[in-house]
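Everything on this sheet refers to the single structure shown next.
Values quoted throughout were computed directly from the atomic coordinates according to the rules given, and no laboratory measurement underlies them. Note that this is a predicted model, so its numbers are computed, not measured. When we count neighbours, we look across all protein chains shown, and the Cβ atoms used for this are built from the backbone with ideal geometry, even at glycine.
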Amino acid sequence: MRVAASIRAPDINVLVARIRENVAGFAIMRYGDADAHLDLLAVAPPYRRLGVGRQLLEWLEKCAVVAGIFSVALEVRAENEGAQLFYKRMGYRTLVHLPGYYQGIEAALRMGQDLSRRPMDQRIQRIQYNLAGFGVLHVAIRSLSPDP
């Protein structure tokens, strides 16, 4: 239900990467006036460490920059060291520790990045090419294009 609602929302991009006939990963990013928030990013276990997550995140960050948004935030489980390392490698830094963030029990870290510090123009063509190799199943980019 959450994903379906995100697909219909005008300020959210939903991106799904496929390898052959398999869903390799997906990501959801919400865009505001001044900042963006990565709501979900997941890569299926057989496709981890192949660059799927990186390419999904780079594509969504590119959309933010095109829309004039340079601040991106996300939450990650405090116990998920693998995900934290991934985001750090992508240029995110820890902003705050959030006790009880998940169901009032599990802690999270809020992480963020200032995209104005990263050169995006050089990567745009490469991101589009690499995503084409994974096969984009669905991209909802209504927030960045005028209605027909």
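Observations
- Number of residues in the stretch 92-108 that are exposed (fewer than 14 other Cβ atoms within 10 Å of the Cβ) and not aliphatic (A, V, I, L, M): the value is 7.
- Complete set of residues in the stretch 43-97 that are of a type in the set (Gly, Ala, Ser), under 18 Å from LEU115 (Cβ atoms) and in contact with a Gly (Cβ under 9 Å, 6 or more places away or on another chain): GLY53, SER71, ALA73
- ILE28 crowded, with 17+ Cβ neighbours inside 10 Å and over 12 Å from the mean Cα position of the chain (by Cα): no
- The stretch 74-98 residues that are under 18 Å from ARG48 (Cα atoms), paired with ones that are crowded, with 16+ Cβ neighbours inside 10 Å and among the β-branched types (Val, Ile, Thr) (beta carbon under 6 Å, 6 or more apart): ALA83/VAL76; GLN84/VAL76
- When the residues of the stretch 7-59 are filtered to those that are of a type in the set (Asp, Glu) and in contact with a helix residue (DSSP H, G or I) (Cβ under 8 Å, 6 or more places away or on another chain), the one that is nearest to ARG77 (Cα to Cα) is ASP39.
- Residues of the stretch 1-25 satisfying the condition of being among the small types (Gly, Ala, Ser) and either over 17 Å from LEU57 (Cβ atoms) or buried (at least 21 other Cβ atoms within 10 Å of the Cβ) (or both): ALA4, ALA5, ALA9, ALA17, ALA24, GLY25
- Checking each residue in the stretch 75-90 for being surrounded by 14 or more Cβ atoms within 10 Å (Cβ to Cβ) and out of contact with any Phe, Trp or Tyr (no Cβ under 7 Å at 6 or more places or on another chain) picks out ALA78, ASN80, ALA83, GLN84, PHE86, TYR87, MET90.
- If the condition is being part of a strand (DSSP E or B), of a type in the set (Gly, Ala, Ser) and surrounded by 18 or more Cβ atoms within 10 Å (Cβ to Cβ), then the stretch 31-56 contributes only ALA36.
- Residue selection: LEU60 satisfies the criterion of being buried (at least 20 other Cβ atoms within 10 Å of the Cβ), touching a residue at least 40 places away in the same chain (Cβ under 8 Å), hydrophobic (A, V, I, L, M, F, W, C) and within 23 Å of LEU109 (Cβ to Cβ).
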